Amino acid sequence: MSRLVAVSNRVAAPTGAKSAGGLAVGILSALRAQGGIWFGWSGKTTESEPGETKRTKSGGIEFVTVDLNAADFDGYYNGFSNNALWPLFHFMLGYFSFSRSQYSAYCRVNEFLARRLGRILEPDDLIWVHDYHLLPLGGALREAGATQPIGFFLHVPFPNFDVLRTLPCYTQILRSLAAYDVVGFQTDRDLWSFQDCLTQPEIGGRVRDDGRIDVFDRTFRAEVFPIGIDVDECQRVAAENFQSKQVKRLGESLKGRKLIIGVDRLDYSKGLELRFRGFQTLLEAYPAVRGQVVYMQIAPPTRTGVRAYDRIREDLEKAAGNINGLYAEMDWIPIRYLNRGYSRELLMAILRRAMVGLVTPIRDGMNLVAKEYVASQDPKSPGIPVLSTLCGAAKELTEAVLVNPYDRQGVADGLQRAIEMPLGERRAKHSAMLMKLRRNDIHRWSERFIDALSAS
Ligand code: ADP
Ligand code: F6P
């Protein structure tokens, strides 16, 4: 069997406790199943030329990481990745900005990573590159002479052509994706957008009947591989930790009230302020729930070097304070807003404790929290997700209460419906969703991708 080499900007530490982010969770399970190398950024920057790569082995996985030059990192990560590509790929042009120097830094870091990775590659490796930070990595590896199969999986949505062409260098971005042998997306909408971009007259690509794409003098496959979760692990961890001291304390503090839970990185694409306001509308429109529910939002800060992320933190603090100020009683606070990460063990058990999983991103490639919420539930009395139609998970979890996150009243009605849903209906919905999660779990996701890459 070929060796798997997974490449991503962020590499979860081997101890991997609080790795917030769907990408880390997905790569870790793929590598745990078949072993291999995980290559990427060490999480550290240096003012001088980065030193040698660091190699650590743990549980059949070799973690190979490298520091990045501080100035380049700023342009590559804070700049082009998170001020240009992230908002653009999430259809949020209000947050989009572009600068040529940031794009140059992005390309430089990708070339640097390709050089460092090139040193450790073996001829029959399978190279699997992840996410928008590393779009040009495959092309840079090819230029350096790599002949191994190279695949790319995009964890976030892919925008349609009218959005993509906002980016001055969009042709280079499309060209860089054509350097891979397999390009994977979360949903068919993302694939259609990609195909639509490549077949624009000015790009001149062609999609064959078997799905292969001819463009920029190359032929490659582009397919949909929706990412899943490790259902058994999630169920086991949730059940095992349900009786922990912390979850018991949480239960006692609720005093019989129903818990609505939200768990997200503190990211504007997660629609947290709108979500807070949707909850406020629930309290306004359905006064009987006042004092009967608690909404707990866990949201650890991320990308603190990007201004938009600092702003959203302030906005949310204001919104939570405002809603609590309006509705709190002496013995009841409607919103508990926690600005920190938790261990996976505790998180899964907290999800199990909640009667409603409120997952309303305004755009999301997949959203693993939605899937984890379903898997962590007690099948005898499961809670129900209230899920945004604008995330990839909504394509699979069609039994969830589906809402448009921009529609405050719709979110409030959805919450009310979930809170009041009879046990029989909850059980039926839960078992239907669980079946889908099992059919398309994290193992199937990586097997399908690796099979497609091996066959390319
Ligand atoms: P994204 O990749 O955009 O962050 P996902 O919902 O797909 O969104 O994945 C988030 C992952 O990170 C999930 O596996 C979730 O359990 C984990 N996670 C999210 N918030 C926290 C937190 N506060 N502490 C620990 N893990 C978290
Ligand atoms: O899944 C989307 C993603 O952007 C991953 O690429 C990333 O690792 C994760 O979210 C967390 O973001 P960051 O690595 O910027 O903290």
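Read-outs throughout are calculated quantities, based only on the coordinates presented, and are distinct from any laboratory measurement. Bear in mind that the values here come from a model prediction, so they are computed numbers and not experimental data. Here Cβ is always computed from backbone atoms with ideal geometry, including for glycine, and neighbour counts include all displayed protein chains.
Between residue 39 and 6, 7, 8, 64, the built amide H atoms are under 5 Å apart, and every one of these is 5 or more places off in sequence or on another chain.
The modelled label-to-label distance between residue 315 and residue 171, using points 7 Å beyond Cα along the C-beta direction, is 3.5 nm.
Sorted from largest to smallest, which semi-axis lengths in Å does the alpha carbon gyration tensor of the chain give for its equivalent ellipsoid, taking the root of 5 times each eigenvalue? Could you put the intermediate results ahead of the total?
Values: eigenvalues 286, 106, 99 Å².
Equivalent ellipsoid of the chain: 38, 23, 22 Å, largest first.
Normalise the Cα radius of gyration of the stretch 330-456 by 2.2 N^0.38 Å (N = residues in it) and let me know the number. That works out to 1.16 for the stretch 330-456. Take every DSSP beta bridge whose two residues both sit in the stretch 52-210; close to 40 percent of them are antiparallel. Using alpha carbons only, how many degrees (0 to 90, rounded to 10) separate the axis of helix 442-454 from the longest principal axis of the chain? The two axes meet at around 10 degrees. If you plug the beta carbon distance of residue 402 and residue 332 into 1/(1 + (r/R0)^6) with R0 = 25 Å, you get a FRET efficiency near 0.30. Think of the chain as a dipole: +1 on every Lys or Arg Cβ, -1 on every Asp or Glu Cβ, centred on the Cα centre; then among 45, 146, 433, 433 lies furthest on the positive end.
Rounded to the nearest 0.05, what FRET efficiency do residue 91 and residue 423 give with R0 = 30 Å and r taken as the Cβ-Cβ distance? Could you check? Each step should come with its number before you reach the end.
Working: r = 38 Å, r/R0 = 1.27.
Efficiency, from the Cβ-Cβ distance: 0.20.
The value of relative contact order for the stretch 231-439, using C-alpha pairs under 8 Å at least six residues apart, is 26 percent. Let me test this: with uniform point scatterers at the alpha carbons of the stretch 197-344, what is the Debye-based log₁₀ I(q)/I(0) at q = 0.10, 0.11, 0.14, 0.16 1/Å? Log10 I(q)/I(0), no solvent term: -0.58, -0.65, -0.84, -0.96. Taking the C-alpha atoms only, the angle from helix 100-118 to the longest principal axis of the chain is near 70 degrees.
State the percent of C-alpha pairs, over all pairs in the stretch 50-162, separated by a distance greater than 16 angstrom.
Numbers: 4091 of 6328 pairs.
Counting pairs separated by more than 16 Å, the tail of P(r) holds 65 percent.
Just the number, please: percent antiparallel of the DSSP beta bridges in the chain, rounded to the nearest 5. Don't jump to the answer; show the numbers that get you there.
Working: 12 of 61 bridges.
If I count the DSSP bridges inside the chain, around 20 percent turn out antiparallel.
In this label model, residue 451 and residue 45 are separated by 4.3 nm, measuring between points 7 Å along each Cα→Cβ vector. The long axis of helix 272-285 is offset from the longest Cα principal axis of the chain by roughly 20 degrees. Proximity of backbone amide H atoms, modeled 1.01 Å from N, is registered between residue 258 and 293, 294 at under 5 Å, excluding neighbours fewer than 5 places apart on the same chain. Compactness of the stretch 135-247, taken as the C-alpha radius of gyration over 2.2 N^0.38 Å, stands at 1.40. Building the convex hull from the alpha-carbon atoms of the stretch 231-439 and averaging its projection over directions returns 10.8 nm².
Summed over all non-identical Cα pairs, the Kirkwood treatment of the stretch 402-443 gives a radius of 12.0 Å.
State which stretch of the chain is the longest one without any exposed trypsin sites (Lys or Arg not before Pro), exposure meaning a DSSP loop state and at most 13 other Cβ atoms within 10 Å. Kindly include the intermediate steps, with their values, before the conclusion.
Numbers: sites that count: 119, 208, 255, 340, 380.
That gives 1-118 as the longest site-free run.
Taking R0 as 22 Å, what's the FRET efficiency between residue 1 and residue 55 from their Cβ-Cβ distance, rounded to 0.05? Don't skip to the end; give the middle numbers.
Numbers: r = 21 Å, r/R0 = 0.96.
According to the calculation, E is roughly 0.55.
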